[in-house]
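Below: one structure, written as structure tokens.
The values are calculated or read from the model by the stated rules, or taken from the named source; none is laboratory data. Note that the coordinates shown come from a computational prediction; the quantities given were computed from them, not determined experimentally. Positions of Cβ are backbone-derived with ideal geometry, glycine not excepted, and every protein chain shown enters the neighbour counts. We work out accessible area using only protein heavy atoms, side chains counted, and drop any ligands, DNA or RNA first. Shrake-Rupley method; radii C 1.70, N 1.55, O 1.52, S 1.80 Å.
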Amino acid sequence: MAASDTDRAQRGIQSIEVGGQLLRALVHHGRPMALKDLAREADMTAAKAHPYMVSFGRLGLIEQDRASGHYLLGPLALQLGLISLQQADPVHIATPLIAQLAQQTGHTVALAVWGARGATIVRTAESPSPVHVNMRHGTVFSLTNTASGRVFAAFLDADAVRQLLEDERQRQKQRRGSEPVPAGMPPVQPLPSWSDFERQLQEVRTHGISRSDGEVIEGVSAMAAPVFDHTGAIVLAVTAIGPAGIFNTAWDGEISRALKACADTVSQRLGATANPPAANPPRPER
């Protein structure tokens, strides 16, 4: 269908779209604004902008500060925002994006949420390449030696993460010697101390992404980027995984940039701020 045909099939009301530019400017700046500044941002005169602001005020979309005369978002805008945030489902928002990401990077991409046992795969998009790594729904990532586990650990409550590390340490002690290492798998490595693990997590926070090179399966690499909601809480990890020989784990490489762009898009849809939050500081190690 031609662009003109699409426009006719989905004809809107131009005056609403024009006035919407004023609301968009107010949201973009995030602070009360004078009429002349709003009009300039919307590329119109103040005389043209004023009737729109009057109507928006009657609807409750904006209100005017009596002292300064500046405009700010009104109670209806607040209600719309809160309802939108309540309806926002991170997995639902991210799912259409990971198929595109798999095509872009050439690697399998998965979405992981934080579940009762740790970071858990809930969606996958397979790589278009004939050489790729499969991931299954329900797979739980290790806290300490996977990109997905570490990206959650970097932004969850530090005291809770420390307890999870100790729980994993106890499970490893119980399994040691009772279960043989499967063929092709690297030998089980001792878990890091909290201070060593915290240094790894700080590296994740610094770069805004986590990476893993052959820690779980020899010759397999992965990177994971965090998704945040409007409260600043991590709610999702977008993870790419592939053969180490063709998987670029550079902090500023193509895969890293693509993952972070995807995760940022979902975060913005969830109402997150531009800057990722810092994790809660841990208590001193005893």
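Tell me yes or no: at least one residue of region 245-253 is at pLDDT below 95, touching a Lys or Arg at 6+ places or on another chain (Cβ under 6 Å) and under 25 Å from Thr139 (Cβ atoms). Checking region 245-253: at least one residue is at pLDDT below 95, touching a Lys or Arg at 6+ places or on another chain (Cβ under 6 Å) and under 25 Å from Thr139 (Cβ atoms).
When you go through Val140, Val133 one by one, which is the residue that is hydrophobic (A, V, I, L, M, F, W, C), modelled with pLDDT under 85 and under 20 Å from the mean Cα position of the chain (by Cα)? On inspection, the qualifying residue turns out to be Val140.
What residue, among those in region 213-236 that are surrounded by fewer than 24 Cβ atoms within 10 Å (Cβ to Cβ) and small (Gly, Ala, Ser), is nearest to Ser148 (Cα to Cα)? Out of the qualifying residues, it is Gly214.
Cβ-Cβ contacts under 8 Å between residues 6 or more apart (or on different chains), taken from a first residue in region 60-76 that is within 17 Å of Ala39 (Cα to Cα) to a second residue that is open to solvent by 20 Å² or more (accessible area, probe 1.4 Å) and of a type in the set (Phe, Trp, Tyr), are listed as Ile62/Phe56. With respect to the conditions (1) in contact (Cβ under 8 Å) with a residue 24 or more places away in the chain; (2) not in a loop (DSSP other than H, G, I, E, B), His230 falls short on a single one, namely (2). Looking only at region 237-265, residues that are within 14 Å of the chain's Cα centre (by Cα) and open to solvent by 30 Å² or more (accessible area, probe 1.4 Å) come to 5 in all. Any residue in region 9-27 that is hydroxyl-bearing (Ser, Thr, Tyr) and modelled with pLDDT of 90 or more? No, every residue in region 9-27 fails to be hydroxyl-bearing (Ser, Thr, Tyr) and modelled with pLDDT of 90 or more. Scanning region 233-263 for residues that are part of a helix (DSSP H, G or I), more than 24 Å from Gly118 (Cβ to Cβ) and of a type outside the set (A, V, I, L, M) yields Gly245, Glu254, Arg257. Would you point out which residue out of Ala88, Ala153 is modelled with pLDDT of 90 or more and not β-branched (Val, Ile, Thr)? On inspection, the qualifying residue turns out to be Ala153.
Within region 8-48, the set of residues being of a type in the set (Gly, Ala, Ser) and either touching a His at 6+ places or on another chain (Cβ under 9 Å) or more than 20 Å from Leu78 (Cα to Cα) (or both) comprises Ala9, Gly12, Ser15, Ala34, Ala39, Ala42, Ala46, Ala47.
Inside region 156-168, residues that are at pLDDT below 85 and open to solvent by 50 Å² or more (accessible area, probe 1.4 Å) make up a count of 1. Within region 138-155, the residues that satisfy the criterion of being assigned to a loop (DSSP other than H, G, I, E, B), closer than 16 Å to Leu236 by Cα and either open to solvent by 30 Å² or more (accessible area, probe 1.4 Å) or small (Gly, Ala, Ser) (or both) are Gly138, Thr139, Phe141, Ser142.
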